[in-house]
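These notes concern the structure reproduced below.
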Amino acid sequence: MKTAFKRIVVVGGGSAGWMAAAAFATAFPACSVQLVESEEIGIVGVGEATFPSIRHFHKLLGIDEAEFLRATNGTYKLGIEFRDWRERGERYFHTFGDIGGLSGPRSLWGQYRRVGDAGLGALDAQCLPSVMAREGRFMSAGSEEERQFNYAYHFDAVLYAAFLRKLAEGRGVRRIEGRIVQAPRRADGGIGNLVLADGRAVEGDLFVDCSGFASLLLGRALEERFVDFGRWLPVDRAWACPSERSGTALMPATRCTALEAGWAWRIPLSNRTGHGHVFASRYIDDDKAREQLLQQLDGAPIAEPRLLRFAAGHRERFWVHNVVALGLSSGFLEPLESTSIFLVQSGLGRLIELLMPGERPPKEAVDAYNTGMRRQFERIRDFIILHYCLTSRSDSQMWRDMASMELPETLAFKLHAWREAGALHQYDEEGFDATSWLAIHAGMGHWPQRADPSLLDLPHEDALRALRFRRDSIAAAVAAMPTHEAYLNSVLAR
Ligand SMILES: Cc1cc2nc3c(=O)[nH]c(=O)nc-3n(C[C@H](O)[C@H](O)[C@H](O)COP(=O)(O)OP(=O)(O)OC[C@H]3O[C@@H](n4cnc5c(N)ncnc54)[C@H](O)[C@@H]3O)c2cc1C
């Protein structure tokens, strides 16, 4: 960078922009933080399911959970229920919880497989938050270790941006309303200032590009190449439509149902339900995809379905000269595992560590940032592909293609390690830990070819007794919990 940074300019006021503005205003009180957004352009307004790390982000910002849930019509999220992914009619959970030991004689999944007792039910029954999600129960007390699970939230994306805006403005962020029409470059290649449609110029040292799919600075002005993941992740469009809440219990989980050429999400908020159909336009046309979405609604629609277009992938570098992109302007992986807001948070955490107000960030810091973010996108890409490539469905061209696609090498190696040795290999910069990988393998019925001989160290009867005990203890604990709705109402009343 030409100058040390003291003036931060955030471009865009969606979730990414206001998350960035709030975080920078909190972390760097000596810097000026300005945010430019255009009401005329608006925000993408989807992105309602999150990842547990959001709670850490809120803690750093000093956000009170009850206040946040009230302001955003938020609900609790224990994970995701996947329906029809391996075969139609099957379902499983990927929740943020413990499924016992992962290797050796105490490996819970290993003993479960070895015992092979049909009376035990699904492996999900050994995981506390999966049973809570299935039964519509929720409560949170004690630390994550004590609870044996972690959780995230569902919220209204438009209300979330407004909530963060209030917080950020309260910490000194200055909002500038206006449409950016030009971003002239300096002699060193960086951005000099932003020119608005009414002729005003906005000066800054560090520009944080949160301009959504437009990618105004990193994509358009700096022309950073887009790395396309479309050959592995073909979904490229989505219809989104909220519906009235149905009479059913408020589920503390997102639901993702596999359809003919994509999948449908169902996100329960306290006042409505968010629905969407993410689909691959090479396999289905927009009208048919819209029809399939409307069939998924479990209440009357409360808005016209909106069509969104996107590509899976990311900019080759995320930080170039004095521009760092966060959110959709930096890249997007389809929303199957709700990872976009997590990636914004991950980028912000790294930036806050690397940036020192008044100092020029060394080239090594910029390179480390770019490498770390690129790897994290790749790790999450592999995790998402896993959900598709293990399918046994052959009822449509998309599913046949997904089952036979050539995998990225990084994922192919992980599948090999699992099949041959029951090893849940982890690289650096993983977005999902080994337990999450296990949840998908198990849910998709994908097991190692050979059992670990050390499992036999535990007598068969002892293993069976331990599994029954765990299953029954979980069932009893869940039966004593309040419903999600009752617990949420008690928090909202605080
Ligand atoms: C179908 C779909 C489903 C998704 N579901 C999830 C999910 O469940 N969980 C999750 O974590 N993420 C999800 N995402 C991603 C999530 O929506 C985004 O990561 C998140 O909303 C952040 O968006 P953003 O702030 O980057 O962009 P936006 O919300 O689009 O904001 C862009 C901002 O830039 C401004 N802007 C653009 N051009 C200009 C200009 N010329 N001048 C001035 N301002 C300008 C706009 O006005 C706006 O304020 C989903 C995305 C899609 C497409």
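The values are calculated or read from the model by the stated rules, or taken from the named source; none is laboratory data. Not measured: the values here are computed from a predicted model. Cβ sites come from the backbone with ideal geometry, for glycine too, and all protein chains shown count toward neighbours. Just the protein is used for accessible areas: all its heavy atoms, side chains included, with ligands, DNA and RNA removed. Shrake-Rupley method; radii C 1.70, N 1.55, O 1.52, S 1.80 Å.
Looking at LEU328, LEU348, can you tell me which residue is in contact with a helix residue (DSSP H, G or I) (Cβ under 6 Å, 6 or more places away or on another chain), assigned by TED's automatic domain parsing to the domain that holds GLY219, farther than 19 Å from LEU233 by Cβ and part of a helix (DSSP H, G or I)?
Within the list LEU328, LEU348, the selection yields LEU348.
Quick check, is GLY45 among the small types (Gly, Ala, Ser) and open to solvent by 40 Å² or more (accessible area, probe 1.4 Å)?
no
Enumerate the helices (runs of 4 or more DSSP H) found wholly within the stretch 422-494, keeping only those where 1 or more residues are modelled with pLDDT of 95 or more and open to solvent by 50 Å² or more (accessible area, probe 1.4 Å).
460-479, 484-492
Restricting attention to the stretch 197-206, does a residue exist that is more than 10 Å from the ligand (Cβ to nearest atom), under 14 Å from HIS321 (Cβ atoms), part of a strand (DSSP E or B) and open to solvent by less than 60 Å² (accessible area, probe 1.4 Å)?
Checked the stretch 197-206: at least one residue is more than 10 Å from the ligand (Cβ to nearest atom), under 14 Å from HIS321 (Cβ atoms), part of a strand (DSSP E or B) and open to solvent by less than 60 Å² (accessible area, probe 1.4 Å).
It is to be established whether one or more residues within the stretch 50-62 are among the charged types (D, E, K, R) and on the phi > 0 side of the Ramachandran plot. Working first, answer last.
At the first step, the residues of the stretch 50-62 found to be among the charged types (D, E, K, R) are 55, 59.
After this cut, where a residue has to be on the phi > 0 side of the Ramachandran plot as well, the list is none.
Within the stretch 50-62 (the criterion being among the charged types (D, E, K, R) and on the phi > 0 side of the Ramachandran plot), the answer is no, since none of the residues qualifies.
So, in the stretch 94-139, exactly how many residues are within 21 Å of SER338 (Cα to Cα) and either acidic (Asp, Glu) or surrounded by fewer than 17 Cβ atoms within 10 Å (Cβ to Cβ) (or both)?
Residues flagged as within 21 Å of SER338 (Cα to Cα) and either acidic (Asp, Glu) or surrounded by fewer than 17 Cβ atoms within 10 Å (Cβ to Cβ) (or both) within the stretch 94-139 amount to 2.
Can you tell me which of SER404, SER396 is at pLDDT 95 or above and in contact with an Asp or Glu (Cβ under 6 Å, 6 or more places away or on another chain)?
SER396
Just to be sure I understand, how many residues within the stretch 354-377 are closer than 19 Å to ASP428 by Cβ and touching a helix residue (DSSP H, G or I) at 6+ places or on another chain (Cβ under 9 Å)? Don't jump to the end; show me each part of the working.
Restricting attention to the stretch 354-377, the residues satisfying the condition of being closer than 19 Å to ASP428 by Cβ are 354, 364-377.
Those still in the list that are touching a helix residue (DSSP H, G or I) at 6+ places or on another chain (Cβ under 9 Å) too: 354, 365-366, 368-369, 372-373, 376-377.
Matching residues across the stretch 354-377 total 9.
Kindly establish whether VAL278 is over 20 Å from SER215 (Cβ atoms) and open to solvent by less than 10 Å² (accessible area, probe 1.4 Å).
Yes.
Which ones in the stretch 6-64 are within 13 Å of the ligand (Cβ to nearest atom), part of a helix (DSSP H, G or I) and assigned by TED's automatic domain parsing to the domain that holds GLY347?
Matches in the stretch 6-64: SER15, ALA16, GLY17, TRP18, MET19, ALA20, ALA21, ALA22.
Going through the stretch 291-336 one residue at a time, which ones are within 11 Å of PRO242 (Cα to Cα), open to solvent by 40 Å² or more (accessible area, probe 1.4 Å) and touching a residue at least 60 places away in the same chain (Cβ under 8 Å)?
Hits for the stretch 291-336 are PRO301, ILE302, ALA303, GLU304, ARG306.
Need the failing condition index for VAL320 against (1) within 13 Å of the ligand (Cβ to nearest atom); (2) within 15 Å of THR371 (Cα to Cα); (3) hydrophobic (A, V, I, L, M, F, W, C), just the number.
(1)
All but one of (1) assigned by TED's automatic domain parsing to the domain that holds GLY42; (2) under 26 Å from the mean Cα position of the chain (by Cα); (3) not β-branched (Val, Ile, Thr) hold for ARG171, so report the exception by its number.
(2)
Please tell me if ARG374 is free of Cβ contacts under 8 Å to residues at least 60 places away in the same chain, more than 27 Å from LEU108 (Cβ to Cβ), assigned to a helix (DSSP H, G or I) and open to solvent by 40 Å² or more (accessible area, probe 1.4 Å).
Working: free of Cβ contacts under 8 Å to residues at least 60 places away in the same chain: no; more than 27 Å from LEU108 (Cβ to Cβ): yes; assigned to a helix (DSSP H, G or I): yes; open to solvent by 40 Å² or more (accessible area, probe 1.4 Å): yes.
Criteria not met by ARG374.
Which of the residues that make up the stretch 101-121 are closer than 16 Å to GLY443 by Cα and outside any helix (DSSP H, G or I)?
LEU102, GLY116, GLY121, listed by residue number.
What's the number of the condition GLU224 fails, among (1) over 25 Å from ALA486 (Cβ atoms); (2) in contact (Cβ under 8 Å) with a residue 60 or more places away in the chain; (3) in a strand (DSSP E or B)?
Answer for GLU224: the failing condition is (3).
Checking the condition within 14 Å of the ligand (Cβ to nearest atom), crowded, with 21+ Cβ neighbours inside 10 Å, over 30 Å from LEU407 (Cα atoms) and of a type in the set (A, V, I, L, M), which residue from ALA162, ALA183 passes?
When all the criteria are applied, what remains is ALA183.
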